[in-house]
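S.K.: Below you'll find the structure I mean.
No lab work stands behind these numbers, since they all come straight from the coordinates. No experiment lies behind these values; they were computed from the predicted model shown. Here the Cβ is made from the backbone with ideal geometry for all residues, glycine too, and neighbour counts use every protein chain on show.
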Amino acid sequence: MSESLFIGAILALGLFWLVGMYNRLMRLRAGCLSALADIEQRWVEFSEKIKARWDGDPAISDNLRKLLSTMATISGEGRQEPMSPMHIVHLTALLQTWSDALSTLTRQGEGDIQNDPLEQRAEDWGNFSNQLMAAKNFYNKSAEKYNAAVQQFPARVVAGLLGFRVVGSL
């Protein structure tokens, strides 16, 4: 009787431990997903702002439309598997492309005080760049915590069985 009670207690503790480990991994994964959603939200807000401001400029409009289209495509693909290695690679490339394009947009209007002063473009880009950098850092810290949890033994065994994989950083 006492032996079966002891075995039952050990099994119950093991089950609670597994459930706790699973919940921890899910909480860390949700943090990564939330950080990716924050990056996407910042892009959407800023893209609407620059689209409204610079859409009338024919020299900028075509490049802007292409960039926004690329961003929408990558964001749409990422919704299927937001933390997949390929999506992280695409997101990193998009961040670099976005940064280069907006730096070019900022430089294109030098001296064009009537339509859109360079200072305003630089200020907008600086604000967005700072917000995006903060969001990237938050994601990278979340991914670092998640990856550490997934790679620790014995959580690594459970994570492997339940489909938790290491994610990349931006």
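S.K.: Between Q96 and L162, 0.36 nm times their residue separation minus their Cα-Cα distance comes to what?
M.R.: 20.4 nm
S.K.: Can you work out the FRET efficiency for the pair R42 and K141, with r the C-beta to C-beta distance and R0 = 25 Å, to the nearest 0.05?
M.R.: Step by step, r from the Cβ atoms, then E = 0.90.
S.K.: Grab the Cα-Cα distance for L18 and F153, subtract it from 0.36 nm times how many residues apart they are, and report the gain in nm with one decimal.
M.R.: Full extension from L18 to F153 adds 47.3 nm.
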